[in-house]
Every structure is written in structure tokens, then in C-alpha cells.
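The values are calculated or read from the model by the stated rules, or taken from the named source; none is laboratory data. Note that the structure is a prediction, hence the values are computed from the model and not measured. So basically every Cβ, Gly included, is an ideal-geometry build from the backbone, and we count neighbours across all protein chains shown.
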Amino acid sequence: MYGKDKGGILQHPDGTVLKQLQPPPRGPREQEFYNKVYDSDCCDSILLELREYLPKYFGVWSPPTAPNDIYLKLEDVTRKFNKPCIMDVKIGQKSYDPYASAEKIQQQVSKYPLMEEIGFLVLGMRVYHVSSDSYETQNQHYGRSLTKETVKDGISKFFHSGYCLRKDVVAASIQKVEKILEWFEGQTQLNFYASSLLFVYEGSCQATTVRLSDVTLAEKRRVPKGLLSGGDVLEYNNNINVINSTENGKIEASVSKGLSKFYALHKKACSKRHHSQLSLKVENSEQDNVWKTSTCITQEHLNGNVLPQLEKVFYHVPAETKESANVEVRMIDFAHVFPSNTKDEGYIYGLKNLITVLQNILDN
């Protein structure tokens, strides 16, 4: 929904979504933008590349019962996902266009005075939590409550599954936003105002395989109640921290102890659930868990025989994670796009700041 009485995005049975055309001049301007970018005779390399970052456009549509109601027919970017996690982030230092009235400018600035300094605004998010099998939703009031100090934590909520931070998704998102930034750095014909980036990723557990000696088990990212007895919680880390060589003496014993505990817990779980899924609770490296000591190994040990053992029991994140994470980042909302002969510095500023925040989430 937008406004008090306006319908929002509708899903069409054919797999597209329908966005009702806004009143003039916004609606016709957005339609003109899509028509220009997706013109079958278009040979402008800048616009042809831009298509990669937009939902596909299939023209306009009207319901038979109301032929005067016009809808833009667009690709449903969420369609391929089982449990889509969705975030809408408005980009740019100004959420009003060059032709806005003084009243409109004041209205927009008062909604989020930090827009010019931060360069983006979270308009809303919907995050699937594996732990509770439910969605958490935040509206635009949540985004407007974020300050320079809290914006990183505010956005990191979108990448949290309820058990762990999805660093694979953060990394893939950075890569996709960087591609959009490259496009903006190379074009001087369009300026975008009050336009957004739509982030979508798969929130449900992606079954992966972990090998323990000759045992293969399907792995999900949570521990069902009752799977492990005696209050044992199985935890592990994606991160291997390199420490000073002065601590060498304590390492091998702790790694061995950690592996032994993991294997013992694994056997206990498998005896209770034959041919079932052993779920592992993922924790970030900065949190306390049973693997904290055992994952701190020296560079010397990375080249020895410890790493092959660790690779058998840790959830292995391949080098191509950035490419393999199921993530979409698309530009949406083009009611305020105008011809230009200069770079869109406001949008570029917002993209760079957003990338910095995402990188900080990944690094920390």
C-alpha cells in the first residue's frame, strides 16, 4: 500500500507484478522512463546496460473491468525465492526533484533531515527468521529513526536470520551495489531522485553438506529442540582468526578437544535421528561459543595438518560465495528521473555511503 487509500504492488498470475500508474506528472514520467530504457530500437549502450539493474518491463496493463486504470507490468524479482527477505532503500542526498515546490522540499527534508548527510533511507524491510519460522517487518518509521550512529546496526538486522549474520548475503549485496555504482560513474544523461534499491535474498535454510570422516549429513542453520540432550548446544564459526605465535602452545590441544566434542555431539545427535538433518547453530566470531578457542589458529597451522581436519567439520564457505549467494539488488521507483548532462552526484554519494556501511557490517 502507499498512501491511505491507494493499492500497492499487485501480483499477476503470470508471474509479473502490477504497479498502478501514479497521477500525473509522476506516473507518465515513470512510464516514459521504462519505455525509453526498454525500447526495442534502443542502441544506447548506457541504457542497454541499465536494463541489468532494473526489473524487466512488459509494458502496461489494464483490468478488463476498469480499462482506465493503468498498471506498469514488471518482473516479480521475489518470484524465484522460497522465503524472500526484502529491503527497500531510497538512495540519494535529496528525496525531492529539481522542480519540487518549497513546500514539497520542506516536507521531504522534515521526514528525514539526515538524508543529505547519510545519502540513503531505509523505507522498510521484511526478514525471515529461521529460528521462529516467521517474518519480522519494519516500516519507514524504523528507517527514519536511524541515526549516523545506529544506521549500521539498523541495516544489519536485514541480514540476520535469527541465529546468524548472513555474511554471504552482505558480500554478494556489496558486489551488486558496486556494479550499479560503476554504471552511475560512467553516465551523465540521467539523474534519479526518490528512487530506491530493492534488496532480495533467500531466507530459508539452504541445505549444504558437511563431511565428518565417512559420515555425510545435511546441514541446516538451527538446532531443533530436543535434538541434543544435556543442554548441549552445537555451535560453530565460519571465521578462522590468526593469532600471535606466542600462543602456539595452547592451540593443538584446544583444536583437538574442540573436534572431539563436535564429533561426540554429532554421534549423539545421529543416534537420535537416523538419516535426518543435523542442524548447526551459527554464531559470529565475536560471540562466545564452544569453538572460540579452537578456531583461533596460527598462520603456521594453516599450512599444517589442522586445516584439513577443520574443513571436515566446519561449514565450509567456498571462495565463490560472493557469486553464489542467492541475492538480487534492483533499482526501482522512477517517477522522478530527469535528463541531465552531469553525473548524478547525489545518487553516487548515497551508493558509496551504503557500500561503506555494508562493508563495515561485513568486516565487524
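When only residues in the range 323-364 that are charged (D, E, K, R) and within 16 Å of Ile180 (Cα to Cα) count, which is nearest to the chain's Cα centre (by Cα)?
Filtering the range 323-364 for residues charged (D, E, K, R) gives 323, 328, 330, 333, 343-345, 352, 363.
Still in the list and also within 16 Å of Ile180 (Cα to Cα): 323, 328, 330, 333, 343-345, 352.
On the way: Glu323: 13, Glu328: 8, Arg330: 11, Asp333: 19, Lys343: 27, Asp344: 24, Glu345: 24, Lys352: 16 Å.
Taking the candidates together, the pick is Glu328.
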#### Entry: Any hit, the range 79-100, residues being assigned to a loop (DSSP other than H, G, I, E, B), without any contact (Cβ under 8 Å) to a residue 24 or more places away in the chain, surrounded by 15 or more Cβ atoms within 10 Å (Cβ to Cβ) and small (Gly, Ala, Ser)
yes
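Which of the residues belonging to the range 41-65 are within 17 Å of Gly8 (Cβ to Cβ) and part of a loop (DSSP other than H, G, I, E, B)?
Going through the range 41-65, the residues within 17 Å of Gly8 (Cβ to Cβ) turn out to be 55, 61, 63.
Matches in the range 41-65: Pro55, Pro63.
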#### Entry: Matching option when the condition is loosely packed, with under 12 Cβ neighbours inside 10 Å, touching a residue at least 12 places away in the same chain (Cβ under 8 Å), under 22 Å from Gly7 (Cα atoms) and in the same structural domain as Leu197 (by TED's automatic domain parsing), among Thr147, Thr137
Thr137
### Task
Look at Ile91 and say whether it is of a type in the set (Val, Ile, Thr), modelled with pLDDT of 95 or more and either within 25 Å of Lys176 (Cα to Cα) or not assigned by TED's automatic domain parsing to the domain that holds Val130 (or both).
yes
### Message
I'd like to check something: does the range 53-72 contain any residue that is touching a helix residue (DSSP H, G or I) at 6+ places or on another chain (Cβ under 7 Å) and of a type in the set (Ser, Thr, Tyr)?
### Response
yes
### Task
Among residues belonging to the range 1-51 that are under 23 Å from the mean Cα position of the chain (by Cα), closer than 22 Å to Leu190 by Cα and touching a residue at least 60 places away in the same chain (Cβ under 8 Å), point out the one that is surrounded by the most Cβ atoms within 10 Å (Cβ to Cβ).
Leu50
